[in-house]
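The values are calculated or read from the model by the stated rules, or taken from the named source; none is laboratory data. No experiment lies behind these values; they were computed from the predicted model shown. Virtual Cβ from ideal backbone geometry, glycine too; neighbours counted across all protein chains shown.
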Amino acid sequence: MKDLAYYKRLPYTRRIRLEDDDAGPYFVAFVEELNGVEADGASALEALSHLADAFEDYIQAMLGWGDRIPEPISWPGPDYDPPAVARLTRAVGKGEVDRISDSTVKQQEPEFEFA
């Protein structure tokens with residue numbers, strides 16, 4: 001049976017973008033395959049932390065309702081252990097990059113992608 005642990009192992013595409021409005025700059029993180037699963041934070045790491053909570057809440061709600069949960073399109077199987085990869089724009093300060101541990105960091109514009 002597919003449970004929360006199963007869905008947490010799937011390689012969903014998580015993206016982060018920097019927003020700037022009347023309240024000032026902040027980061028928005030979202031799961032590309034799961035419409036509406038997003039969170040924000042003052043830093044990229046805070047946004048990702050909030051996204052993890054939003055992801056779990058979404059999966060648990062969908063499981064409870066018995067609704068279909070979209071899976072990543074290129075899913076190689078349950079034993080897949082993806083490498084930690086972070087692609088960052090120039091908008092992220094060195095301090096933010098230093099706090100991303102155990103990751104390979106590659107620069108790419110215009111968004112962040114944590115796969």
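The figures follow:
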{"quantity": "Hits in segment 36-64 - residues which are touching a residue at least 24 places away in the same chain (Cβ under 8 Å) and either surrounded by 15 or more Cβ atoms within 10 Å (Cβ to Cβ) or not in a helix (DSSP H, G or I) (or both)", "calculated": "S43, A44, L45, A47, L48, L51, F55, Y58, I59, L63"}
{"quantity": "Residue count, segment 35-54 (criterion: in contact with a Lys or Arg (Cβ under 8 Å, 6 or more places away or on another chain) and under 20 Å from Y6 (Cβ atoms))", "calculated": "1"}
{"quantity": "Failed condition for D67, given (1) closer than 14 Å to P11 by Cα; (2) surrounded by fewer than 16 Cβ atoms within 10 Å (Cβ to Cβ); (3) modelled with pLDDT of 60 or more", "calculated": "(1)"}
{"quantity": "Filter result for the condition that a residue is under 11 Å from the mean Cα position of the chain (by Cα) and among the aliphatic types (A, V, I, L, M), over L4, L45", "calculated": "L45"}
{"quantity": "Scan of segment 12-32 for residues that are touching a Ser or Thr at 6+ places or on another chain (Cβ under 8 Å) and at pLDDT below 95, ordered by number", "calculated": "E32"}
{"quantity": "Of all residues in segment 6-35 being assigned to a strand (DSSP E or B) and of a type in the set (F, W, Y), the one that is surrounded by the fewest Cβ atoms within 10 Å (Cβ to Cβ)", "calculated": "Y26"}
